[in-house]
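Everything below concerns the one structure shown next.
The values are calculated or read from the model by the stated rules, or taken from the named source; none is laboratory data. The structure displayed is predicted, hence computed values, not measured ones.
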Amino acid sequence: MVPAEFIPFFAAMAGVGATLFGLTFLAVSISAGCAGPARALILRQAQTASSYGALLDRLVISLLALVPWARSSGDKPVSSIDASRPNFV
């Protein structure tokens, strides 16, 4: 559970991460029509994948920190994966 003091920080990080992720997607879409040597294309794809990964990590972490986790009886958070109670369907 995230302390209440950090909620504005994670909200700002999620907004910034989503904005930068969207702008990176836009820049890649616009520059897709630019033709160049094959080596430059591979380098651009690697840089794009790296920036997507870096921005998406921070976005997901910030969004998960903002989720108000439901609590069961006790200190253990409720999740869909619970190792103590295997659920075989």
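Quick look at the values:
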| quantity | calculated |
| --- | --- |
| Identity of the residue in the range 37-89, under 19 Å from A14 (Cα atoms) and in a loop (DSSP other than H, G, I, E, B), that ends up modelled with the lowest pLDDT | W69 |
| Filter pass, A18 being at pLDDT below 85 and either basic (K, R) or part of a helix (DSSP H, G or I) (or both) | no |
